[in-house]
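Reviewing the structure listed below.
The values are calculated or read from the model by the stated rules, or taken from the named source; none is laboratory data. None of these values were measured; they are calculated from a predicted model. Backbone-built Cβ (ideal geometry, glycine too); neighbour counts: all protein chains shown. Side chains included, ligands, DNA and RNA excluded: accessible areas come from the protein's heavy atoms. Shrake-Rupley method; radii C 1.70, N 1.55, O 1.52, S 1.80 Å.
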Amino acid sequence: MEKLLDHINQISDLKKLNYQDKIKLSEELREYIIQIVSKNGGHLASNLGVVELTIALHSVFDVPKDKIIWDVGHQTYVHKILTGRKEQMSTLRQLNGIAGFVKTCESEYDCFDTGHSSTSISVAAGMARARDVRKEKNSVIAVIGDGALTGGMALEALNDVGSSNTNLIVILNDNEMSISKNVGGISIFLNKIRTRKVYTSSNNYIKKVVNKIPHIGKYIIHSVRKLKYGIKQLMIPNMMFEDMGYRYIGPIDGHDIEKIESILKIAKGLDGPILIHVVTKKGKGYKPAEENPDKYHSTGPFKIETGEAISKKKPDYSKAFGEALVKLAEKNDKIVAITAAMKDGTGLTKFSKMFPERFFDIGIAEQHAIGMAAGMAKDGMIPVVPIYSSFYQRGYDQVIHDVCIQNLPVILCADRAGIVGNDGETHQGIYDLSFFRIVPNLTIMAPKNFEELSNMLEFAVSFQKPIVIRYPRGGEGEVVFSKQEPIELGKAEVLTEGSDFSIIAIGKMVQRAIKVKERLEKEGIKTEVINARFLKPLDEDTILESIKKTKHVITIEDNIIDGGLGSSVIEAVEEKIPFKVKAKKFGYPDEFIKHGSVDEIEKQYGLDVESIVKYCLKEMGR
């Protein structure tokens with residue numbers, strides 16, 4: 001049976017449809033997205049929630065002349081389909097396929113790359129002001145979720161734009177969810193607006209008619225505005241957006257295309273900053289996602305009929321971290337846990353249930369999370385802050401200024417470190433070893449397996465100084481280690497002894513080093529494998545003793561080459577070994593790593609077993 005979607009290949013095709021056709025199209029789009037994500041994995045619930053909103057935006061505005069900036073950018077599957085990428089959706093998040101986020105290199109309809117939250121209003125303000133400098137007339141629209149509104153950058157931008165008189169439309173997509181359920185004052189405030197069901201909008205036509213009434217037209221408009229604002233203040237306490245300088249419209253049903261379009265058309269003709277509050281349902285149209293939107297925020301392949309994951313979930317580092325933390329917290333009531341809206345993703349669900357008075361979800365606000373942790377540490381607590389590696393970039397100033405200058409006992413857990421795969425450049429956690437290494441007073445560790453993670457966490461709790469524990473996404477690998485020495489500050493672990501090669505690895509790459517050693521052993525090459533454990537302080541004595549013996553060293557890390565483990569080892573070699581040593585650093589180059597599976601990316605950049613073995617054999621003249 002022929003579908004409407006079959007005939008929608010570009011925006012001009014969409015603009016020809018009537019409202020009934022658009023309703024039918026929205027159903028077909030949901031079916032198509034569910035099919036794609038069930039095979040490829042991806043962000044499901046957020047995309048199902050914005051179908052009608054996206055249709056309305058592209059029906060009213062003239063993209064790419066008009067600019068739509070999508071906050072985070074993970075909710076743009078409908079946008080991609082409507083802007084000429086429908087046939088490419090089968091390659092979503094795959095190596096060399098289209099990205100799961102907005103990418104300017106993919107299409108002229110993507111006006112700005114995004115991947116992290118709370119950035120859209122700042123970017124939109126920049127584009128709107130650039131437009132004004134050029135004296136152009138296009139519209140600029142920022143689409144931001146209510147969860148992202150808790151981010152400091154979003155609030156800074158709201159504050160600036162509200163006092164600017166700049167023509168800019170902010171669409172607040174309010175689905176009561178970020179990844180985990182929203183928390184904080186803004187969530188409470190939006191809930192008040194939703195439950196009161198107050199709906200206000202400005203009508204240009206009525207204003208023009210009334211304004212023409214001789215002598216009293218302008219007075220009537222002024223009086224009505226004052227009356228409307230007064231009623232709002234009575235009905236909705238603390239009308240934050242209007243107090244900040246926005247013309248507030250909403251809340252409106254985000255699944256009523258006709259209503260959204262009518263509001264957008266009005267907003268398009270108004271001057272100054274406008275905030276349109278749209279209420280949507282995350283996961284709409286697919287029952288499993290509606291009932292469990294956090295589970296389907298980002299999902300692997302699944303069976304459409306049941307929502308059941310195709311591959312069974314295995315134990316992972318986040319869960320291992322959560323279990324270990326609970327055990328320590330049972331013995332030590334000074335331990336507290338802080339999350340930036342990622343309770344489930346960072347393994348803190350069990351902790352939050354067992355110790356609710358010691359668990360703090362502060363919303364999407366990494367800077368605040370680390371600053372608050374510093375305050376708690378200063379006052380005698382032991383805060384543990386698990387944040388994804390790529391999101392620690394957002395709290396870097398607080399790590400330096402609030403935690404490390406005062407040498408405070410904050411445990412910074414960098415989850416999703418290394419290559420994370422299909423989310424691409426904005427989420428690859430390959431910089432943390434380098435940017436943490438240069439911070440004074442900061443100790444850095446990375447475990448080779450779950451047991452070592454548990455031991456490192458126990459060590460960190462008693463350490464009483466700033467410390468980073470970084471661990472990857474997913475499980476611990478296939479290697480079973482016969483050795484598990486106690487954790488000592490700055491002490492590496494010699495796993496195997498050899499005379500031909502020294503392999504220094506850290507974190508998950510210790511597993512890789514053992515597999516390389518096993519392959520080389522079959523070729524008669526004796527390899528010494530050292531689990532660095534600590535990047536800082538580096539165990540130079542153990543490492544240099546090995547290198548002096550073998551005169552060949554390779555380092556393996558799931559981090560950029562510059563500034564990480566390899567740099568630390570080579571710097572020590574150059575400073576303290578008087579003779580020439582053959583050295584090779586395996587890691588990621590000075591470039592942004594695009595999306596693809598972890599295995600594909602590691603092979604592409606020569607971090608797979610085959611590539612490392614090939615190098616070693618060549619060095620040995622084989």
Checklist entry - Do any trypsin sites (Lys or Arg not before Pro) in the stretch 278-363 lie in a DSSP loop with no more than 15 other beta carbon atoms within 10 Å, and if so, which? => result Lys303, Lys312, Lys313, Lys334
Checklist outcome for this item: Rounded to the nearest 10 degrees, the helix 450-463 long axis (Cα) sits at an angle to the longest Cα principal axis of the chain of 80
Checklist entry - Ordered by residue, what ³J(HN,Hα) values in Hz, to whole numbers, does the stretch 520-537 give under the Karplus form 6.51 cos²θ - 1.76 cosθ + 1.60, where θ = phi - 60° and Gly and Pro are x? => result 5, 4, 5, 9, x, 9, 8, 10, 9, 10, 10, 7, 4, 6, 10, 7, 8, x
Checklist outcome for this item: Given pairs Lys103/Lys259; Lys448/Lys526; Lys551/Lys585; Lys86/Lys295; Lys491/Lys576; Lys312/Lys508 and cut-off 24 Å on Cα-Cα distance, the over-length ones are Lys103/Lys259; Lys86/Lys295
Checklist entry - Distance in nm between label sites at Ser462 and Lys549, each 7 Å beyond Cα in the beta-carbon direction? => result 2.9
Next on the checklist: Rg and Dmax in Å for the stretch 401-458, alpha carbons only: what are they?
Outcome noted: 13.2, 38
Checklist entry - Can you give the angle from 0 to 90° between the axis of helix 152-162 and the longest principal axis of the chain, with both taken from C-alpha atoms, to the nearest 10? => result 30
Checklist entry - Full extension from Ala309 to Gln20: what is 0.36 nm times the residue separation minus their Cα-Cα distance, to one decimal in nm? => result 100.6 nm
Checklist entry - What residues qualify as long-range amide H neighbours of Lys284, i.e. H under 5 Å apart, gap of 5 or more or another chain, H built at 1.01 Å from N? => result Gly49
Checklist entry - Length gain on complete extension for the stretch Gln10 to Asp256, per 0.36 nm per residue less the alpha carbon to alpha carbon distance? => result 86.4 nm
Checklist entry - Points 7 angstrom from Cα along the Cβ direction at Asp62 and Ser597: gap in nanometres? => result 4.6
Checklist outcome for this item: Given a Förster distance of 51 Å, the FRET efficiency implied by the Cβ-Cβ spacing of Lys584 and Asn292, rounded to the nearest 0.05, works out to 0.65
Item to check | Pairwise FRET efficiency - Gln88 versus Lys618, Cβ, R0 = 41 Å, nearest 0.05 | outcome: 0.55
Item to check | More than 17 angstrom apart: percent of Cα pairs within the stretch 469-602 | outcome: 59
Checklist entry - So what is the relative contact order of the stretch 1-64, in percent, for Cα pairs below 8 Å that sit 6 or more residues apart? => result 38
Checklist entry - Which whole-percent values make up P(r) of the stretch 1-67 when all C-alpha to C-alpha distances are grouped in 5 Å steps starting at zero? => result 3, 16, 26, 23, 19, 10, 2, 0
Checklist entry - What does the convex hull of the Cα atoms of the stretch 50-167 come to per residue, in Å³, rounded to a whole number? => result 104
Next on the checklist: Once R0 is set to 25 Å, what does the formula 1/(1 + (r/R0)^6) return for the Cβ-Cβ distance between Asn159 and Glu136, expressed as a FRET efficiency to the nearest 0.05?
Outcome noted: 0.50
Item to check | In sequence order, calculated HN-Hα J values of the stretch 45-56 (Karplus, 6.51, -1.76, 1.60; Hz; x Gly/Pro) | outcome: 4, 5, 6, 5, x, 10, 4, 5, 4, 5, 4, 5
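What number does the chain give for Rg over Rh if you use C-alpha atoms and the Kirkwood radius?
Numbers: Rg = 27.2 Å, Rh = 26.5 Å.
Radius of gyration over Kirkwood radius for the chain works out to 1.03.
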Item to check | Cα-Cα P(r), the stretch 261-329, percent of pairs per 5 Å interval | outcome: 3, 11, 14, 12, 10, 12, 11, 10, 6, 6, 4, 1
Checklist entry - With every protein chain present, what is the per residue accessible area of the stretch 1-108 (1.4 Å probe, Å²)? => result 37
Item to check | Cut-off under 5 Å, modelled amide H: who pairs with Asn407 long-range | outcome: none
Checklist entry - With axes computed from alpha carbons, what is the tilt in degrees of helix 217-235 against the longest principal axis of the chain, rounded to the nearest 10 within 0 to 90? => result 50
Checklist entry - Running Debye on the stretch 394-502 with equal point scatterers at the Cα sites and no solvent, what base-10 log of I(q)/I(0) appears at q = 0.14 Å⁻¹? => result -0.66
Checklist entry - For Lys515 and Asp541 in one chain, what is 0.36 nm times their gap in residues minus the Cα-Cα distance, to one decimal in nm? => result 6.9 nm
Item to check | Sequence-distant residues sharing a close amide H with Thr339 (under 5 Å, placed H) | outcome: Phe360, Asp361, Ile362
Item to check | Computed [θ] at 222 nm, deg cm²/dmol, the chain (DSSP H ≥ 4; -39,500 (n - 2.57); rounded to nearest 500) | outcome: -11500 deg cm²/dmol
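Treat the stretch 342-450 as a sphere of radius equal to its Kirkwood radius over Cα pairs and apply Stokes-Einstein at 20 °C in a medium of 1.002 mPa s; give the translational diffusion coefficient in µm²/s, rounded to a whole number. Provide the component values of the computation, followed by the final result.
On the way: Rh = 14.6 Å.
D = 147 µm²/s.
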Checklist entry - From the phi of every residue in the stretch 547-560, what ³J(HN,Hα) in whole Hz does the Karplus formula 6.51 cos²θ - 1.76 cosθ + 1.60 yield, where θ is phi - 60° and glycine or proline is x? => result 5, 4, 6, 8, 6, 10, 9, 10, 10, 10, 8, 9, 8, 5
Item to check | Stokes-Einstein D in µm²/s, Kirkwood radius over Cα pairs - the stretch 51-93 at 4 °C with 1.567 mPa s viscosity | outcome: 117
